[in-house]
Amino acid sequence: MGREKTGFQRLLVLLVVFGLIVGLNSFSFAAGSNKTLKVPSEYKTIQAAIDAASSGDAIQAAAGKYQENIILKEGVILQGAGADATTIDGNGKGNVVEGAKGAVIEGFTITNSGKRGTTGDIMDVGISAKHAPMTIANCRIIGNNAGIRTYFSPSNIINNIVADNRVYGLYILYSDSSVKNNIVYNNGSYGVYNSYSTPEVINNTIFKNFDGIYSEVSKVVVKNNIVVNNKSAGIRWAEFPDAQKGTGFMKGVEPILSYNLVWGNKTDRVNVSPAEGDISKDPLFTDIAKGDVRLKKGSPAINNGSPDNADNDPDATRNDIGAYGGPLAQKTITASPQAVSYASLKIKTETLEEPDYGSQSTWSGAGGTKSGRGLFQSWCVSCHGALGKGDGQLADTLGEGIRPRDLSNAELLSARSDEFLFKVIKNGGPSVGFSDAMMNFGATLSDEEIKNIIAYVRKDICKCQYKGVGGK
Ligand code: HEC
């Protein structure tokens, strides 16, 4: 436990100072030449300061609300005056913050992204790291379409609150990210989603999402987390055989679980077994209704996390499970970045390029195979479900009375021409008078890929061909 300033935190502060002197994260810039740029006193907008900054410079935004969509720059450190005081509001458009390689963002509330998309790299999010490994710490990422996405960007995601986002909380795609000491709740679909990644998900508190943690084709380490009161599964390993086995460079991977407190979810585990050190008991939060998930005295999570010394709490006692335990224990979200900064944390600075999946692959996330089956699994099952029955994870989240269509309904699909299906998939629901919850895939999928999906739906989902309008 331990709430006072600990040796560890002092060490962190020292590390930050040291980091600023000798150069951060192996980015090269001339020692001593780093500037601190102030917003709004020197630069009116955060973006103006970023544009004037170079790698290694720090930008400090004073308390206040900034209505901007930010594009970070390589190696720049962006600090707010604490998540309670400093907000970046994306005006309901696009990503609120577009990351950059080696950049750091800490001490902000990030809110109000655009509402586009439910999956992949085209989805609007609070913070997007795309080919941009970076550090995101001490932020509150709330009320976006999705919270944080790392896409080919192994990143540090530490000590954040990620809540009330429409679909995902954290969306980890092709990234060996480090997800530690975050509080992730009330997100419409998955709290933490891992695909084709080998991230560490350690000492987080994850509750009241649809699924708490979902993984597919991922060698994810899931340790010391509290995963409770999620509306569907606490921890879910993919249902599709391909997403379990993996292919190519991610063949045969599985999650590695230990010392999680998993309790009170609709189903605690799907396709995974209880593991070493797991606990199934009420964690005794201080006040879950108010989002206060600090542990009450007598909580079974206290001193019951991993016994490894490296996982000890700041006061050198055994790990407390959840966001308030472990070496990077949440202090409080109001901590300004100047109080506890993670800017010195090392990140992997190589930008990962998208591998060539080859034509053999039957499964892929974004940008991989052209197989209709793989594409359907990547882009459609979140709403339409693995078997196309209209029962995907997001099915209940699309709005009053709006349900994904049952694509396994042979009677319906026999009355739809391929041209009609092509149109609705390419141009979206409104192009044929349906709801815009059926998003358009014209910018995501090639015509050929859409045709492959239609062929797959005909062959394996409805098992039917077009028989003319109203045809039998
Ligand atoms: C965000 C959720 C969502 C995603 C993702 C999604 N759909 Fe849909 N889809 C819907 C909804 C909702 C409807 C029904 C719209 C309505 O009732 O107005 C629909 C309708 C359809 C229809 C129309 C069926 C008919 O009645 O003719 C087709 C075809 C379809 N979707 C195919 C797909 C395919 C293929 C994908 C993946 C490439 C996909 N959808 C992805 C939500 C989604």
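Details
- Each residue of the range 180-197 was assigned a 3J(HN,Hα) from its phi angle through the Karplus expression (A = 6.51, B = -1.76, C = 1.60, θ = phi - 60°), giving 10, 6, 9, 10, 10, 8, 6, 8, x, 10, 8, x, 10, 10, 10, 9, 6, 9 Hz with x at Gly and Pro.
- Ranking Ile235, Cys139, Ile158 by Cα position along the charge dipole of the range 7-311, where only Lys, Arg, Asp and Glu carry charges on their C-beta atoms, puts Cys139 farthest toward the positive end.
- Here the relative contact order of the range 7-311, from alpha carbon pairs under 8 Å that lie six or more residues apart, stands at 8 percent.
- 22 Å Cα-Cα threshold exceeded, pairs from Lys130/Lys290; Lys231/Lys297; Lys130/Lys346; Lys35/Lys101: Lys130/Lys290; Lys231/Lys297
- Length released on extending from Asn91 to Ile256, taking residue separation times 0.36 nm less the Cα-Cα span: 55.5 nm
- Here Lys281 is the anchor, and the aspartates and glutamates within straight C-alpha reach of less than 19 Å, apart from those fewer than 8 places off in the same chain, are Asp211, Asp268, Asp292, Asp320.
- Amide H partners (placed H, <5 Å) of Ile59, local residues excluded: Leu37, Ile77, Leu78, Gln79
- For Tyr66, distant residues with modelled amide H under 5 Å away: Thr87, Ile88, Asp89
- Distant-in-sequence amide contacts of Leu261, defined by a placed amide H-H separation under 5 Å and a gap of 5 or more residues or a different chain, comprise Asn225, Ile226, Val227, Ile279.
- Phi to ³J(HN,Hα) by Karplus 6.51 cos²θ - 1.76 cosθ + 1.60 over the range 126-139, Hz, x for Gly, Pro: x, 10, 10, 10, 10, 6, 8, x, 8, 10, 10, 9, 6, 10
- Taking the average, over residues, of other Cβ atoms within 10 Å as the packing measure, peptides 385-394, 302-311, 131-140, 183-192 rank 183-192, 131-140, 385-394, 302-311 from highest down.
- The C-alpha atoms of the range 103-232 occupy a region whose extents along the principal axes are 28, 26, 24 Å, arranged from largest to smallest.
- Maximal additional length on extending the Lys290-Glu411 stretch stands at 38.7 nm, based on 0.36 nm per residue less the C-alpha distance.
- For the range 149-160, backbone phi angles converted through the Karplus equation (6.51, -1.76, 1.60; θ = phi - 60°) give residue-by-residue couplings of 10, 10, 10, 6, 8, x, 10, 8, 10, 9, 6, 9 Hz, Gly and Pro being listed as x.
- Environment charge of Tyr342, counting only residues whose C-beta is closer than 14 Å and scoring Lys/Arg +1, Asp/Glu -1: +2
- Extension gain for the segment Glu448 to Ile122, taken as residue separation times 0.36 nm less the Cα-Cα distance, is 115.5 nm to one decimal.
- Ala310-Lys44 FRET efficiency (beta carbon distance; Förster radius 41 Å; 0.05 resolution): 0.35
- With the convex hull drawn around the C-alpha atoms of the range 7-311, the volume per residue stands at 133 Å³.
- Of all lysines in the structure, those lying under 27 Å Cα to Cα from Lys451, and not within fewer than 8 positions of it along the same chain, are Lys115, Lys245, Lys370, Lys389, Lys423, Lys426, Lys459, Lys463, Lys467, Lys472.
- Where only alpha carbons of the range 372-461 are counted, the Rg and the Dmax (Å): 11.9, 33
- Among 35-45, 107-117, the order from most to least packed when residues are scored by Cβ within 10 Å on average: 107-117, 35-45
- Surrounding net charge for Thr198, when Lys and Arg each add one and Asp and Glu each subtract one, Cβ distance under 10 Å: -1
- If only the Cβ of Lys and Arg carry +1 and only the Cβ of Asp and Glu carry -1, the dipole of the range 46-117 around its Cα centre is close to 300 debye.
Quick note: the coordinates plus some simple rules give every number you see, no bench work behind them. Predicted model, so just to flag it, every value in this text is computed and none were measured. For neighbour counting, all protein chains shown are included, and Cβ atoms are generated from backbone atoms with ideal geometry for every residue, glycine included.
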